[in-house]
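FYI, it's all coordinate maths here, none of it is from the lab. Because the structure is a prediction, the values reported are computed rather than measured. Backbone-built Cβ (ideal geometry, glycine too); neighbour counts: all protein chains shown.
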Amino acid sequence: MTGNDIVPPSQAPWGQAGKALDGVRILDFTHVQSGPTCTQLLAYMGADVIKIERPGVGDITRGQLRDVPGADSLYFTMLNANKRSITIDSKNRKGMEILERLVKICDVLVENFAPGALDRMGLTWEHVHELNPRMIMASVKGFGPGPYEDCKVYENVAQCAGGSASTTGFLGGPPLVTGAQIGDTGTGLHLALGIVSALYQRNRTGRGQRVLAAMQDGVLNLCRVKLRDQQRLTRGPLTEFSQYGQGIPFGVATPRAGNDSGGGQPGWILKCKGWETDPDAYIYFITQAPVWNEICDVIGEPEWKTHPDYATPNARLPRLKQIFDRIEQWTTTKTKFEAMDILNKYDIPCGPILSMKELAEERSLRDTGTVVEVDHPKRGKYLTVGNPIKLSDSPCDVQRSPLLGEHTEEILSQVLGYSEKEIAEIRTSGAITAPEKRTAA
Ligand code: CAO
């Protein structure tokens, strides 16, 4: 090999390419769910994520929904893998000095405090930018600029304010929140994309910038098909909604559509064998037009292939309820997995309703590293969700979440270069220890 034979990173032998975000250092000032989701993903991609926590207390989720006495909760451990934890009291003078030192050597500061909290600490954008012009400062807030910009926001508030709740649930019933954490985790994902984009732009400009992901905006982005339907509604009824087939008039806003499919191929959730006792014995069934003939054969209605009431998608639209009732007569004779096997043979799009128990036990998710078992010194083994995004040159190795302040001294000495003597002084200053520990010392 000559000096000119440069191997592009993507062709480097396995193990030499490192991780996608190797060399990126994150000052992780996040808590609860939205921000930690973002920084955990960046850590999975290889960034060195240093989580700042209040001495003695830490991220409030460490103690929330606790299932093992004295151990960090699953709420915390499943959102803070692959990170290091340092305790710093930002309201202590020495603590702020350490924080500023971290600002100078980190690439990204990520935070999701209530509006104004970071400014009150003294870490305004102007100050951070002055300390480190390359710093990217990324925030999750409940709302962007506007009437609600000062509000504190949790997951379900965002689901309601972003259009998800008003479009979820059954017609005639109240708005519903969904189990998927689209407000918190969804916004964390949006923020992560903003951060890597800002890092990419910094390669050209040398300058950092601010990144804001508002939870209302993130939820609305995930609900864009409902804003699509809002505009279609001004031109006529939404014919793919089962409400249309039932002759129920539409109102002024996108209605709740139950389990109707959000796209052009009608679908519904149907009972399967065992539904009387198993709450998850259901299947999602899509009457995709190209496989209509196969559907008719499978359910035993071959004459529907040519019957003018059923042969075309438009003819079927006003009869969807009746059609799905008939298909359900067939699905209730099969378990959801038997139905899947049969329907997949004909490429009929369908999906079993999988319980969390089934997902936790699913072999293929373990094999791909999407569900990972991790060992923790205080709680023992637990399951977590690994990196759902697979990079062929950046394998993800999931490490347990850190104990509170587990890496404080390591970061002070190895990352920030404090001497033993200085660390001893820091310890008595109250910057890294909880008040009761300081008194005891
Ligand atoms: N040392 C000292 N003080 C610290 C600290 C540290 N290491 N870390 C945090 N604090 C302080 C902050 O300075 C702030 O103090 P002040 O209010 O006196 O300035 C305080 O702790 C907590 O900040 P907070 O207001 O963000 O916390 P909260 O529990 O009252 O609110 C939440 C939580 C989530 C509603 C709010 O942070 C928020 O709206 N965040 C933005 C939206 C968001 O991310 N929501 C998703 C949350 S997940 O469901």
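Would you check if Ile86 is over 20 Å from His376 (Cα atoms) and assigned to a strand (DSSP E or B)? When the stated conditions are applied, Ile86 does not pass them.
Of all residues in the range 109-124, those that are free of Cβ contacts under 8 Å to residues at least 60 places away in the same chain have Cβ atoms under 9 Å from Cβ atoms of residues that are within 6 Å of the ligand (Cβ to nearest atom) and aliphatic (A, V, I, L, M), 6 or more apart or on another chain, in Ala114/Val153. The set of residues from the range 195-244 being crowded, with 19+ Cβ neighbours inside 10 Å, among the small types (Gly, Ala, Ser) and closer than 28 Å to Leu118 by Cα comprises Ala198, Gly208, Ala213, Ala214, Gly218.
When we screen Arg256, Arg316 for residues that are of a type in the set (Lys, Arg) and either part of a strand (DSSP E or B) or closer than 25 Å to Pro174 by Cα (or both), the only hit is Arg256.
Any idea which residue in the range 70-93 is farthest from the ligand (Cβ to nearest atom), counting only those that are crowded, with 18+ Cβ neighbours inside 10 Å and among the charged types (D, E, K, R)? Among those that are crowded, with 18+ Cβ neighbours inside 10 Å and among the charged types (D, E, K, R), it is Asp72. Scan the range 149-181 residue by residue and report those that are away from the ligand (no atom under 16 Å from the Cβ) and assigned to a loop (DSSP other than H, G, I, E, B). Listed by number, the residues that qualify are Gly163, Thr168, Gly169, Phe170, Leu171, Gly172, Gly173, Pro174, Pro175, Leu176. What about Gly146, is it assigned to a loop (DSSP other than H, G, I, E, B), more than 10 Å from the ligand (Cβ to nearest atom) and not aliphatic (A, V, I, L, M)? Here the answer is yes, as Gly146 does meet what is asked. Scan the range 64-105 for residues that are among the hydrophobic types (A, V, I, L, M, F, W, C) and out of contact with any helix residue (DSSP H, G or I) (no Cβ under 9 Å at 6 or more places or on another chain) and the total you get is 1.
Would you be able to tell me the number of residues in the range 116-138 that are within 8 Å of the ligand (Cβ to nearest atom) and within 19 Å of Gly208 (Cα to Cα)? Within the range 116-138, residues that are within 8 Å of the ligand (Cβ to nearest atom) and within 19 Å of Gly208 (Cα to Cα) number 1.
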